[in-house]
Amino acid sequence: NIAVQRIKREFKEVLKSEEVRFITKIWHPNISSVTGAICLDILKDQWAAAMTLRTVLLSLQALLAAAEPDDPQDAVVANQYKQNPEMFKQTARLWAHVYAGAPVSSPEYTKKIENLCAMGFDRNAVIVALSSKSWDVETATELLLSN
């Protein structure tokens, strides 16, 4: 199996910290919603050249399970995480649906996206604007028009 061979090879290869990022968009305080860059100590000041794929994946799994909003990579997401945890969860679920194929979680948020897309705005821009403006259609629209 090609996938198994690749995983085995990657476990043996030396990783570089700058190569570790998310390609799929994710709504998380410690991961850039724009670039996928990850704010994690082992990828910055505690990096070792002998770091294995397994070690990195276990660290990422722990980070995803327990966000560190006081040391954010994305300040907008961290603010939402701290100020409105329920909205953060709904936004994260929506991003998981849109960008990773997870089940639909919030018909209300989906409707807001569709309404703004119907006005001619780019879908990804609409999702980012609504997410960063706490799902307020008016302020998200202002943001979209200012760009």
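The values are calculated or read from the model by the stated rules, or taken from the named source; none is laboratory data. The model shown is predicted, which means the values in this text are computed figures rather than measured ones. Neighbour counts are summed over all protein chains in view; Cβ atoms, including those assigned to glycine, are modelled from backbone coordinates with ideal geometry. The accessibility values were calculated without ligands, DNA or RNA, using every heavy atom of the protein model including side chains. Shrake-Rupley method; radii C 1.70, N 1.55, O 1.52, S 1.80 Å.
Of all the listed residues (TYR109, TYR99), the sole one being farther than 18 Å from ILE23 by Cα and hydroxyl-bearing (Ser, Thr, Tyr) is TYR109.
Within the range 109-136, if we keep just the residues that are open to solvent by less than 60 Å² (accessible area, probe 1.4 Å) and either of a type in the set (Phe, Trp, Tyr) or over 17 Å from the mean Cα position of the chain (by Cα) (or both), the residue that is nearest to PRO69 (Cα to Cα) turns out to be TRP135.
Answer yes or no as to whether ALA100 is open to solvent by 40 Å² or more (accessible area, probe 1.4 Å) and small (Gly, Ala, Ser). So ALA100 passes the test.
Test ALA67 against the stated conditions and say whether it is under 17 Å from PHE22 (Cα atoms), within 15 Å of the chain's Cα centre (by Cα) and open to solvent by less than 50 Å² (accessible area, probe 1.4 Å). Criteria met by ALA67. Tell me, please, whether a residue that is at pLDDT 90 or above, of a type outside the set (D, E, K, R), exposed (fewer than 12 other Cβ atoms within 10 Å of the Cβ) and outside any loop (DSSP other than H, G, I, E, B) can be found in the range 48-63. Scanning the range 48-63, I find at least one residue that is at pLDDT 90 or above, of a type outside the set (D, E, K, R), exposed (fewer than 12 other Cβ atoms within 10 Å of the Cβ) and outside any loop (DSSP other than H, G, I, E, B), so the answer is yes. Got at least one residue in the range 17-35 being modelled with pLDDT of 90 or more, closer than 15 Å to SER131 by Cα, assigned to a helix (DSSP H, G or I) and open to solvent by 70 Å² or more (accessible area, probe 1.4 Å)? Checking the range 17-35: not a single residue is modelled with pLDDT of 90 or more, closer than 15 Å to SER131 by Cα, assigned to a helix (DSSP H, G or I) and open to solvent by 70 Å² or more (accessible area, probe 1.4 Å).
Of all residues assigned to the range 91-108, none qualifies as being polar (S, T, N, Q), in a helix (DSSP H, G or I) and more than 16 Å from the chain's Cα centre (by Cα). Contact map, the range 99-111: residues that are farther than 18 Å from TRP135 by Cα paired with residues that are of a type in the set (D, E, K, R), Cβ distance under 9 Å, separation 6+ or inter-chain. Pairs shown: ALA100/LYS25; ALA102/ARG93; PRO103/ARG93.
Checking ASN84, ASN147 one by one, the residue that is modelled with pLDDT of 95 or more, over 21 Å from PHE22 (Cβ atoms) and of a type outside the set (A, V, I, L, M, F, W, C) is ASN84 and no other. When the range 72-90 is limited to residues that are out of contact with any helix residue (DSSP H, G or I) (no Cβ under 8 Å at 6 or more places or on another chain) and not in a helix (DSSP H, G or I), the one that is surrounded by the fewest Cβ atoms within 10 Å (Cβ to Cβ) turns out to be ASN84. Is one or more of the residues making up the range 49-63 in contact with a Ser or Thr (Cβ under 9 Å, 6 or more places away or on another chain) and polar (S, T, N, Q)? No, the conditions are met nowhere in the range 49-63.
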